[in-house]
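Scroll down for the structure; my scribbles are underneath it.
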Amino acid sequence: MIRKKAFGIFGGFLAVMLVFTILSRAASGASMARVETVRISTGTIDHRVLQAAG
């Protein structure tokens, strides 16, 4: 009985950690900066900050 309860608590803990991991990655991906690369050329650097839709 004690072993079954311990496995249940441990399983619940792992489920909560999985949910928090998914939420953390979603939040991290939403705030990640987008970078656009272009071929090497002469000129000036144009700094633009684009706002995400949503």
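How much of the pair distance distribution for the chain lies past 18 Å, counting alpha-carbon pairs only, in percent?
So the pairs more than 18 Å apart make up 64 percent of the total in the chain.
Per residue of region 13-26, in order, report the coupling 6.51 cos²θ - 1.76 cosθ + 1.60 (Karplus, θ = phi - 60°) as ³J(HN,Hα) in whole Hz, putting x for Gly and Pro.
Values per residue, Gly and Pro as x: 4, 5, 5, 5, 5, 5, 4, 5, 5, 5, 5, 5, 5, 5 Hz.
Rule-based calculations on the coordinates, nothing more; no lab input. The model shown is predicted, which means the values in this text are computed figures rather than measured ones.
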